[in-house]
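Engineer: Following this message is one structure expressed as structure tokens.
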Amino acid sequence: VSSELLFEGIDEPGLATLDGYRRRGGYETLPKALRMSRDEVLNELIQSELRGRGGAGFSMGKKASFLPKGDMDKYLVCNADESEPGAFKDRELMQKNPHQLIEGIIIAAYAAAITRAFIFIRGEYAHVADTLERAVEEAKEAGYLGESVLDSDHSLILWVHRGAGAYICGEETALLDALEGKRGNPRLKPPFPANQGLYQGPTLINNVETLSNVPHIVAMGAEEYIKLGVPNSTGTKIVSVSGNVQRPGNYEVELGIRSRDLIYGLAGGPPPGREIKFWFPGGSSSPVLTADDLDVPYDFDSMAKAGSMLGSGSVIIVDDSNDVLDVALKVAKFYRHESCGKCTPCREGTNWTVKMLERIQRGEATPMDLDIMASVQERIIGHCLCVLGDSMAMPIGSMIAKFRGEFEAHMDSARDAADRAAIEAAA
Amino acid sequence: MTEIARFSHGSRVPGWDEAVDLDLDPAEVPDPATTEVPDDLRAEIEGYMARYPDPHSAALPALTAAQRRHGWCSPEALEQVACVMRVTPAYLAAVATFYDMLRVEPAPPGTHAIYVCTNISCSLNGADALYDAMREAAGDDEAFEVRAFECLGACDIAPMASVDGTYVGPLAPADCVRIVGQCRAGEEVLPERQLDHRKSADTLAREAGLK
């Protein structure tokens with residue numbers, strides 16, 4: 001089976017324009033969807049078993065079905081705040097095929113009886129946001145957006161909303177606060193956004209890639225769609241591969257592909273003479289795996305079984321020329337910077353983890369510090385409003401567990417060096 | 001008892017008063033009769049406010065627009081946005097200080113924003129040396145804001161930088177002088193290495209028969 005769905009013809013010149021998209025059969029699924037009843041479309045999405053591509057992997061159709069029925073202000077928000085270190089798939093999808101996403105938004109909004117939608121895009125993606133805004137304008141002029149879409153009873157107003165640089169806004173409730181013009185702090189759940197989200201109204205929040213799948217599911221039918229991928233991880237996935245690989249970039253693969261085929265076969269593996277030391281299978285927030293795990297199939301359940309997660313589908317390769325401590329410190333510093341400060345375990349825990357890692361680097365740590373650090377991670381996980389703290393605790397915890405010997409060796413040599421320096425200074 | 005070290009403004013927290021003018025009352029919505037707002041800025045902000053069921057949603061785009069004009073979210077800029085949006089400057093200061101792309105320290109209008117990504121994938125490919133070289137290239141020129149930035153979502157061109165919103169990479173430390181020079185001359189930055197002109201890795205893999 002071909003593994004080209006969302007990326008089919010992705011580099012065709014002009015695909016980002018309405019004409020280019022229509023030339024490839026774009027906006028042909030929308031009238032088909034509008035001829036179906038809302039429940040029929042919703043049912044197709046549920047039957048497709050499409051799981052959210054933003055990180056949590058929750059069933060997209062089910063989430064849409066949680067929205068209360070009836071006449072009220074409901075909202076659809078497309079989460080385009082792609083900020084997870086190692087993730088860049090949504091950027092390419094929006095930059096090169098914005099209309100695919102817009103068609104997906106219109107169909108999803110129809111299924112859930114939503115009349116107002118927003119694309120929340122991170123502020124750094126300025127060029128991509130320009131492209132999206134042009135595409136939205138084109139779609140409006142062509143009658144795909146606005147009052148009575150293609151003369152149906154479905155209406156949809158869509159705006160592109162630019163963020164201003166905050167990783168936490170990728171968390172769905174923080175995103176809603178940011179979209180309401182506030183600081184991007186996560187909210188307590190429940191209530192979940194499907195019941196009470198944007199402006200207190202029921203809100204469907206989906207990732208760019210998830211919504212870009214929607215036209216394909218409706219076009220081919222759920223029955224055909226579930227033939228792609230493996231059970232419980234249906235469809236294709238755009239995987240961002242980066243770090244120490246020879247051919248970094250986005251690859252569309254069927255879920256369930258062997259990780260080795262993705263990392264070596266497509267991305268070319270680490271530079272000549274280097275071996276993989278460890279890798280993040282789902283962005284910097286996923287627990288690390290080692291070279292022993294390269295034969296694990298790349299899908300949601302297999303990654304969970306291997307002790308990690310598929311997350312947003314962002315593979316970062318770290319080769320044996322790197323020190324695990326340096327990578328741990330990079331990860332910890334990132335989450336310390338991005339912690340919004342609302343919950344204590346995350347705000348303090350990220351800060352103390354950085355301080356303790358720096359102690360190791362300076363040669364002031366003892367092996368007991370590793371245990372304290374591991375316990376700090378345990379105290380963060382599950383104790384905050386959102387998973388930002390967990391996102392640091394999980395990879396750091398896994399690095400300590402899998403490379404404890406290296407941390408200890410680093411401690412010893414740094415301590416020796418510090419001692420020698422002190423003796424020399426005294427002499 | 002040990003003496004607690006304090007800053008001259010009396011607080012132990014550095015910088016809390018930088019983004020506000022303490023002579024103004026930050027808790028009061030500015031008076032339209034006495035607050036001058038440039039017409040085009042007012043029109044732009046009102047345009048944003050009309051997009052949303054709740055006009056407060058316009059805060060981020062409005063602050064971004066004000067920053068483009070003033071160079072940073074200065075007390076004057078906050079005052080003008082607050083006047084149009086009918087909120088207090090304090091509310092907007094709280095928002096502005098949360099987001100990395102909104103400047104709360106003085107910068108002249110037209111400041112070039114150079115963000116060097118120093119997150120994992122870029123640092124595995126030499127981003128720290130790139131950042132040092134970029135800072136050296138810009139020197140102490142006030143027209144440049146060179147920052148080590150969190151993952152910019154372009155690990156396929158690592159190590160990379162965003163120059164006034166344009167993504168360029170992969171970069172070497174030797175490229176930095178050219179980038180700064182092109183900014184000064186108002187030219188396009190490294191046209192041959194802009195992300196927008198790059199083919200997808202997926203396409204290249206297909207062309208090479210790898211998939």
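The values are calculated or read from the model by the stated rules, or taken from the named source; none is laboratory data. All values derive from a computational prediction rather than experimental measurement. Counting neighbours? That spans all protein chains shown, and the Cβs are built from the backbone with ideal geometry, glycine included. Heads up: the accessible areas ignore ligands, DNA and RNA and are worked out on the full protein's heavy atoms, side chains in. Shrake-Rupley method; radii C 1.70, N 1.55, O 1.52, S 1.80 Å.
Engineer: Could you point to the residue in B:Val146, B:Gly126, B:Ala113 farthest towards the positive end of segment B:106-151's charge dipole, with +1 and -1 charges on the Cβ of Lys/Arg and Asp/Glu respectively?
Structural biologist: The one lying farthest along the dipole's positive direction is B:Gly126.
Engineer: Roughly speaking, what is the centre-to-centre gap between segment B:114-191 and segment A:282-335 when only Cα atoms are used, to the nearest Å?
Structural biologist: 26
Engineer: Connecting C-alpha atoms closer than 10 Å in a GNM of chain B, tell me which of B:Arg103, B:Arg68, B:Arg178 has the biggest fluctuation.
Structural biologist: B:Arg178
Engineer: For labels at B:Glu3 and A:Ala401 in the simple 7 Å Cα→Cβ model, what's the distance in nm?
Structural biologist: My value for the distance between the label points is 5.1 nm.
Engineer: Continuing with the same structure: Is the shape of segment B:116-206 rounded, prolate or oblate, going by the alpha carbon gyration tensor and its root eigenvalues a ≥ b ≥ c, with a/c under 1.5 for rounded and a/b larger than b/c for prolate?
Structural biologist: oblate
Engineer: Another one. Cα atoms only, the protein assembly as shown: Rg and Dmax in Å?
Structural biologist: That works out to 24.8, 88 Å for Rg and Dmax.
Engineer: Looking only at other chains, what is the average number of their beta-carbon atoms within 10 angstrom of each beta-carbon in A:238-244?
Structural biologist: On the way: counts 2, 1, 6, 4, 12, 8, 4.
That average works out to 5.
Engineer: Using a simple spin-label model with points 7 Å from Cα along the Cα→Cβ vector, what separation in nm is obtained for A:Ser148 and A:Ser321?
Structural biologist: Placing both labels 7 Å beyond Cα along the Cβ direction yields 6.4 nm.
Engineer: Moving to a separate point now. Could you give the size of the charge dipole of segment A:317-427 about its Cα centre, using +1 on the Cβ of each K and R and -1 on the Cβ of each D and E, expressed in debye and rounded to the nearest 20? List each step's numbers first, then the result.
Structural biologist: Details: 13 positive and 18 negative charges, 111 e Å.
Dipole magnitude for segment A:317-427 comes out near 540 debye.
Engineer: Place a point 7 Å from Cα of A:Glu275 in the direction of its Cβ. Which residues in segment A:316-357 have their backbone N less than 20 Å from it?
Structural biologist: Residues passing the 20 Å test: A:316-327.
Engineer: Let me ask another. Find the accessible area per residue for segment A:284-427; the probe is 1.4 Å, ligands and nucleic acids are left out, and the unit is Å². All intermediate terms of the calculation are to be shown ahead of the outcome.
Structural biologist: Working: 6090 Å² over 144 residues.
Each residue of segment A:284-427 exposes 42 Å² on average to a 1.4 Å probe.
Engineer: Still on this structure, I have one more. Exceeding 19 Å between C-alpha atoms, which entries from my cross-link table qualify? They are A:Lys342/A:Lys402; A:Lys305/A:Lys402; A:Lys89/A:Lys227; A:Lys89/A:Lys305.
Structural biologist: A:Lys342/A:Lys402; A:Lys89/A:Lys227; A:Lys89/A:Lys305
Engineer: Please label the shape of chain B as rounded, prolate or oblate, based on the square roots a ≥ b ≥ c of the eigenvalues of the alpha-carbon gyration tensor (a/c under 1.5 means rounded; beyond that, a/b larger than b/c means prolate, else oblate).
Structural biologist: It comes out prolate by the Cα gyration axes.
Engineer: Here's something else I'd like to know. Given Cβ point charges of +1 (Lys, Arg) and -1 (Asp, Glu) and nothing else, what value in debye, to the nearest 20, does the dipole of segment B:26-115 about its Cα centre take?
Structural biologist: Using only the charged Cβ atoms, the result is roughly 240 debye.
Engineer: Could you name the lysines whose alpha carbon sits less than 21 Å from that of A:Lys140, not counting residues in the same chain fewer than 8 places away?
Structural biologist: By straight Cα distance, A:Lys140 reaches A:Lys32, A:Lys74, A:Lys96.
Engineer: For chain B, what's the relative contact order in percent, using C-alpha pairs closer than 8 Å and at least 6 residues apart?
Structural biologist: Here the relative contact order equals 15 percent.
Engineer: Picking from A:Glu84, A:Glu338, A:Glu406, which is most flexible by a Gaussian network model of chain A using Cα springs under 10 Å?
Structural biologist: A:Glu406
Engineer: Summing -39500 (n - 2.57) over the DSSP H runs of n ≥ 4 in the protein assembly as shown and dividing by its residue number, what mean residue ellipticity at 222 nm do you reach, to the nearest 500 deg cm²/dmol?
Structural biologist: Mean residue ellipticity, 222 nm, calculated: -12000 deg cm²/dmol.
Engineer: Sticking with this structure for a sec: So if R0 is 51 Å, what FRET efficiency would A:Thr344 and A:Asp39 give, r being the distance between their Cβ atoms, rounded to the nearest 0.05?
Structural biologist: That pair, A:Thr344 with A:Asp39, gives E of 0.70.
Engineer: Build a GNM of chain A with springs between Cα atoms under 10 Å: which of A:Gly104, A:Gly86, A:Gly123 gets the top mean-square fluctuation?
Structural biologist: Largest GNM mean-square fluctuation: A:Gly123.
Engineer: When a/c reaches 1.5 or more, the comparison of a/b and b/c decides; with that in mind, is segment A:210-359 rounded, prolate or oblate per its Cα gyration tensor?
Structural biologist: Oblate shape, in that a/c is at least 1.5 and b/c is the bigger or equal ratio.
Engineer: For chain A, what is the charge dipole size about the Cα centre, in debye to the nearest 20, if Lys and Arg each add +1 at the Cβ and Asp and Glu each add -1 at the Cβ?
Structural biologist: For chain A, the charge dipole is close to 740 debye.
Engineer: For segment A:55-169, with the dipole built from +1 on Lys and Arg beta-carbon atoms and -1 on Asp and Glu ones, taken about the Cα centre, which of A:Leu145, A:Ala87, A:Tyr75 lies farthest toward the positive end?
Structural biologist: Farthest towards the positive pole: A:Ala87.
Engineer: Which cysteines in chain B lack any other cysteine whose Cβ sits under 4.7 Å from their own Cβ?
Structural biologist: B:Cys73, B:Cys83, B:Cys151, B:Cys155, B:Cys176, B:Cys183
Engineer: Across peptide A:79-89, how many C-beta atoms of other chains are within 10 Å of each residue C-beta, on average?
Structural biologist: Shielding by partners across A:79-89 averages 4.
Engineer: Helix A:98-111 sits at what angle to the longest principal axis of chain A, using alpha carbons and giving 0 to 90 degrees rounded to 10?
Structural biologist: Helix A:98-111 and the main axis of chain A meet at about 70 degrees.
Engineer: Relative to the longest principal axis of the C-alpha atoms of chain A, give the angle of the C-alpha long axis of helix A:324-338, reported between 0 and 90° and rounded to the nearest 10°.
Structural biologist: 50
Engineer: Relative to the longest principal axis of chain A, what angle (0 to 90°, nearest 10) does the C-alpha long axis of helix A:344-362 take?
Structural biologist: 40
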